[in-house]
Amino acid sequence: MPGRLSRRSVLAAALALPLAGCSGGGSTSSGPVRITFWSALRGSQQVVDAFNRSQKRIQVVFQQIPGGQQVGYAKLSNAARAGNAPDVATLEYPQVPGFAIDGVTRDLTGLLSDRLRAKLLPQALGLTTFGGRVFTVPLDVEPMVLHYRTDLFEQHGLRVPRTWDEFAAAARVVRDKVPGRRLALFPTDDPLQFAAHSWQAGARWFDTSQGAWNVSLADAPTRRVAEFWQGLLDDDLLFANAFLGRQSDAQIGQGLVFARLTGAWDAGAQMKARPAQKGKWAIAPLPQWDPAHPVVGTHGGSTFAITKDCAHPEAAMEFIEWQVSNPDSLRARLSSGTSSQYPAVPALVDVGRAAFDRAYYGGQDIYSLFDAEAAKIGDDWTWGPRMTATQRVMADGFALAGAGEGTLLDAVREAQRGTMPDLVALGLATTEHSS
């Protein structure tokens, strides 16, 4: 097994990562290869059962783990430190660099087949690739879209906004003409949504050029985004509260918000959470800064890692490839309930489309829209090495800004200040850009 690289050594662009060797997969004289798999994703047990029925050489043992930073990811980190991590684990995109730097995930470049690489949406694979090396395999990728109440838009003479200026104008109409309601919510607990807006505007919070992690959370595109949303908040054009919780549920359930800005996955979540609103919603492209050059970021999505403790990485990769690219895998996952996830392998879109009840969205073919929006995902975004800490500090600042104490830009700058010590503690070469 190759030795551990120094954290200060450069992996093509300063993502210093340990390399793990690959022992042989496949059947053994004592029976099928046994692969352990941890995930918080709904439908994973059904996927594992379908895979195990499909062949006899590899048998996967599944363990459902809780989602969230303080539970599921902490459990994985602790298991890796103890040397008993699962063979395969699910990671959301923002977590990939951190687990790679910590040596939990393997370098999968040599294990990823050309066949699978050709099937994956390039923008999705790009989010798990650093310095030309792949560290996880995408399952789904979720372009940001606009969910809106067709009945409320029609009732109040609103047109679906194509630009952010039109979005702001619609927000003024709602504030002025419909007491107690607002066009949308600024989620004070969801920095990843703000990140997607910054991504769309051309921000690069992190990059690994010139042999270092370069951090610039308050770059010019981000300042533009922060000033735009701050202006909406200052003019009382939006609700400002947590996305997760009873208050947001009430705002949506009681028709107090006209629109929502989230990833493609949220269409299915909306159907499941509010069946009584069937026929009242539609989905449109995200408003743009420049409609002639449309770009979106992502909000949500999961990937699969093979850990350093895996004894049979080739078998683990065979299971992962089946999970992300085989139609039977997606059918099994969808058998657990309604979902609108957008597959990272676009060839599976027809499977999702066939299983989705269009009636909720007035017959709209939302997957055709998702196809178009996924093609607009900007390809120059890199998540940071310690996004959990970055998100925590930014969310604290957003909560203050939502209450009228400080600004969104203050929160972004404080998040950068809170991020740097963690990067230095990792032994990473860093540069910091402020404005």
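The values are calculated or read from the model by the stated rules, or taken from the named source; none is laboratory data. No experiment lies behind these values; they were computed from the predicted model shown. Note: ideal-geometry Cβ built from the backbone for every residue, glycine included; neighbour counts use all protein chains shown. The accessibility values were calculated without ligands, DNA or RNA, using every heavy atom of the protein model including side chains. Shrake-Rupley method; radii C 1.70, N 1.55, O 1.52, S 1.80 Å.
For the stretch 46-149, a crude dipole built from +1 on the beta carbon of Lys and Arg and -1 on the beta carbon of Asp and Glu, taken about the Cα centre, is about 280 debye to the nearest 20. Heavy-atom accessible area for Glu227, with the other protein chains in place and a 1.4 Å probe, reaches approximately 120 Å². Suppose only helical runs count, i.e. DSSP H with n ≥ 4. What mean residue ellipticity at 222 nm does that imply for the chain under -39500 (n - 2.57) per run, divided by all residues and rounded to the nearest 500 deg cm²/dmol? Only helices count here, giving -11500 deg cm²/dmol. When the Cα positions of Ala359, Ser216, Trp164 are compared along the charge dipole of the chain, Ala359 comes out farthest toward the positive end, with charges on each C-beta of Lys, Arg, Asp and Glu.
The stretch between Gln254 and Asp114 holds 45.5 nm of extra length on full extension. This uses 0.36 nm per residue minus the Cα-Cα distance. Heavy-atom accessible surface of the stretch 85-209, averaged per residue, reaches 32 Å², computed with a 1.4 Å probe.
Largest mean-square fluctuation among Ala82, Ala372, Ala355, in a Gaussian network model of the chain whose springs join Cα atoms under 10 Å apart, belongs to Ala82.
GNM on the chain, alpha-carbon springs under 10 angstrom: the most fluctuating residue among Val137, Val324, Val351 is Val351. If only the Cβ of Lys and Arg carry +1 and only the Cβ of Asp and Glu carry -1, the dipole of the chain around its Cα centre is close to 880 debye.
Net length available on complete extension from His293 to Ser336 is 11.7 nm, with 0.36 nm assigned per residue and the Cα-Cα distance removed. The calculated FRET efficiency for the pair Asp379 and Gln64, based on their C-beta separation and a Förster distance of 35 Å, comes to about 0.55. The GNM of the chain, with springs linking C-alpha atoms under 10 angstrom apart, assigns the highest mean-square fluctuation among His147, His299, His156 to His156. In the stretch 308-435, taking the dipole from charged Cβ atoms about the Cα centre, the farthest positive-side position among Ala415, Ile377, Ala316 is held by Ala415. Dividing the C-alpha radius of gyration of the stretch 347-435 by 2.2 N^0.38 Å, with N its residue count, gives 1.64.
On the chain, 50 percent of the accessible area sits on carbon and sulfur atoms, based on a 1.4 Å probe.
Between Ala425 and Asn78, the C-beta separation translates, for a Förster distance of 22 Å, into a calculated FRET efficiency of about 0.75. Rounded to the nearest Hz, the phi-derived 3J(HN,Hα) couplings of the stretch 348-354 under the Karplus curve 6.51 cos²θ - 1.76 cosθ + 1.60 (θ = phi - 60°) are 8, 4, 4, 5, x, 4, 5, where x marks glycine and proline.
Solvent-accessible surface of the stretch 236-356, taken per residue with a 1.4 Å probe and all protein chains present: 35 Å².
Other residues with beta-carbon under 12 Å from the beta-carbon of Gly31 carry, at +1 per Lys or Arg and -1 per Asp or Glu, a net charge of +3. Heavy-atom accessible surface of Asp234, to the nearest 10 Å², is about 110 Å², with a 1.4 Å probe and all protein chains retained. Relative to the current alpha-carbon distance between Lys177 and Ala359, full extension at 0.36 nm per residue lengthens the span by 62.5 nm.
Spin-label point model (7 Å from Cα, Cβ direction): what's the His156 to Ala269 distance in nm? So the two model labels end up 2.3 nm from each other.
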